[in-house]
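Dropping the structure in here first, questions after.
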Amino acid sequence: MGFRNDLELISSWIKPNSKVLDLGCGDGYLLKMLAEKKNIKGLGVDNDINKIKLALKKNVNVLQLDLDTGLETFNTQSFDYVVLAQSLQVVKNPDKLIKEMLNIGEEIIVSFPNMGHWRPRLQLFFKGMMPVTDALPFKWFSTPNIHLCTISDFVGFCEEHNLRISQRVIVNKNQKSSLLIKLFPNLFGEVATFRLR
Amino acid sequence: MSLNLKTSVLKVDQPLELKSGKVLKRYELAYETYGVLNNSRDNAVLICHALSGNQHAAGKYKDDDKPGWWDNMIGSGKPIDTDHLFVVSLNNLGGCHGSTGPKSINPETKKIYGSDFPIVTVEDWVNSQSKLMESLGIAKWKFVIGGSLGGMQAFQWTLQFPDKVEKCIIIAAAPKLTAQNIAFNEVARQAIMKDPNWHNGHYLEKNVIPNQGLALARMLGHITYLSDDSMKEKFGRDLQKQKLNFNFDVEFQIESYLRYQGEKFGNSFDANTYLLMTKSLDYFDPIKDFGDDLNTRLSKTCSKYLIISFTSDWRFPPSRSKEIMKLLIHNNKNVSYSEIDSSGGHDAFLMENEDYFEIMRNFISGDNNGV
């Protein structure tokens, strides 16, 4: 799964028998795992029909909807958790989406690739070109990632919007932490996962 | 494996109380089955047909080249796989393909019912279909599946018999008709009732049929089943004879196509059945009918739903399917939704489409491999 190891972490945060909405659920991997391990009631959202097909095959409930058209389908506080794993950077209005997620779920979990990591920083600094890394493998003209941010950007956003961060885990691409990551998360962290209320 | 097509007629002697208050003392339901009912009797699928459909959904009759109306979907190795599933497809009550309807003899008057046949609703259909279910010894449908009006029936099944449907597939449907939908139906009805051969619906006694009116109704309906793009693709502005004739004969291909479709339908379908089917569409409104009871019913239903819409369908566009989806989500049901990219319009639900078929196949077989 490579970078999708963040799903294991997210899964560890979710209480058994809860209701989970997974935005950008892909093939339904997380929900399937949670249903089997924690008996959760899950619902996925994705706009790629090929992902919908795979999720249906896994017996995961899934809706083919576009996150950019909003979450008006869902009622206020109708889920225990709303998850947005590695999809924050692809939506048109991340700020609006996060606010809607907080309205729907008691707790929200957001993970994203960190643009502040030294590798993209060096690429931009020395090459003078938009970074292309394992985590962000696309060229500037064809990338679906239109709202990339750094960990500092995201923390700033949370402060500005009075969002309470109850936990955050910052790791490298192998889902491991290190002393350097602990000391300089925005420089050495590759994937950040936040729990917000 | 072979399709194992079997045709039968169920005779029901128990009276059926209709929503209108009228009672059908006895009735017959013509149906077909495909595949084999397993020993535990838990692999049965009910197919609900649309406005002008019938029980012949799959396979071919002897000496007939034309397969059933959903032959691409139902059969050995197809999404509704008859190697594993036992499929039941019937002609709705009020139909004109073998089930009791306006063409049948009214046992009380010994005359053809004609327009005296009571108007039946989707609710009545589901009640009559439950008798067929009983007679086949099926306690629970594995799937109830339908497109358009058939999708509405499938939805109604889960509300009316919340514990008798395991999974429900609702395709290209809506929770109720809009004023525009009803308007189209009304023009179709007027076309039929203005035909000089209408005779207040008792045309068969006079040995005539209002085929001109029915043809017009079908032409109008047909336009709403296609999309602008699919018409452009299929016909464009192509002419029958390379040049304009400056008269009112058939000139454009689309005119010829509509006239052909209308004529064919006008001579083969029953006008009273058509009127009746459009009325049951107009009346369908389970959210209003069940009122406060709707949420209780939905809370009881254990069905798992798949809802499918098509991008170019303007009769029941994706937004209408989403209304059903939202209702189910708000009631905490197991629901999946897919919007298929297609230029086929409303009729896309009858056409072969890789995405559509894979979505169907995966939902049907996804749960427990081999069903």
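Out of everything in the range A:25-79 that is closer than 19 Å to residue B:311 by Cα and out of contact with any helix residue (DSSP H, G or I) (no Cβ under 8 Å at 6 or more places or on another chain), what residue ends up being surrounded by the fewest Cβ atoms within 10 Å (Cβ to Cβ)?
Among those that are closer than 19 Å to residue B:311 by Cα and out of contact with any helix residue (DSSP H, G or I) (no Cβ under 8 Å at 6 or more places or on another chain), it is A:69.
Could you pull out the residue among B:177, B:220, B:216, B:149 that is within 23 Å of residue B:96 (Cβ to Cβ) and either at pLDDT below 95 or touching a strand residue (DSSP E or B) at 6+ places or on another chain (Cβ under 9 Å) (or both)?
Answer to the check: B:149.
Is it the case, given these coordinates, that residue B:269 is in contact with a Lys or Arg (Cβ under 7 Å, 6 or more places away or on another chain) and touching a residue at least 12 places away in the same chain (Cβ under 8 Å)?
So residue B:269 fails the test.
Can we say residue A:92 is more than 22 Å from residue A:7 (Cα to Cα), within 19 Å of the chain's Cα centre (by Cα) and either basic (Lys, Arg) or surrounded by fewer than 18 Cβ atoms within 10 Å (Cβ to Cβ) (or both)?
Yes.
With respect to the numbered conditions (1) surrounded by fewer than 22 Cβ atoms within 10 Å (Cβ to Cβ); (2) not in a helix (DSSP H, G or I), which one is the sole condition not fulfilled by residue B:190?
(2)
Matching residues to (1) under 20 Å from residue B:120 (Cβ atoms); (2) without any contact (Cβ under 8 Å) to a residue 60 or more places away in the chain:
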| residue | (1), (2) |
| --- | --- |
| B:1 | no, no |
| B:8 | no, yes |
| B:13 | yes, yes |
| B:16 | yes, no |
| B:19 | yes, no |
| B:30 | yes, no |
| B:39 | no, yes |
| B:49 | yes, no |
| B:52 | yes, no |
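Here's another thing I want to ask about it. For the range B:284-305, how many residues are within 21 Å of residue B:166 (Cβ to Cβ), touching a residue at least 40 places away in the same chain (Cβ under 8 Å) and β-branched (Val, Ile, Thr)?
1
Further, regarding this structure: Kindly provide the set of residues from the range A:123-137 that are outside any loop (DSSP other than H, G, I, E, B) and surrounded by 13 or more Cβ atoms within 10 Å (Cβ to Cβ), ordered by number.
A:123, A:124
Just to verify a result, which residue in the range A:1-30, among those that are assigned to a loop (DSSP other than H, G, I, E, B) and within 14 Å of another protein chain (Cβ to nearest Cβ), is nearest to the chain's Cα centre (by Cα)?
Keep residues of the range A:1-30 that are assigned to a loop (DSSP other than H, G, I, E, B), which gives A:1, A:14-18, A:24-28.
Still in the running and within 14 Å of another protein chain (Cβ to nearest Cβ): A:17-18, A:25, A:27-28.
Working: A:17: 22, A:18: 19, A:25: 10, A:27: 15, A:28: 14 Å.
By that ranking, first place goes to A:25.
To continue, here is another question. When you go through B:230, B:135, B:130 one by one, which is the residue that is free of Cβ contacts under 8 Å to residues at least 40 places away in the same chain and among the hydroxyl-bearing types (Ser, Thr, Tyr)?
Numbers: B:230 fails: free of Cβ contacts under 8 Å to residues at least 40 places away in the same chain; B:135 fails: free of Cβ contacts under 8 Å to residues at least 40 places away in the same chain.
Unique residue meeting the criteria: B:130.
The values are calculated or read from the model by the stated rules, or taken from the named source; none is laboratory data. The model shown is predicted, which means the values in this text are computed figures rather than measured ones. Don't worry about glycine lacking a Cβ; one is built from the backbone with ideal geometry, like all the others, and counts go over all protein chains shown.
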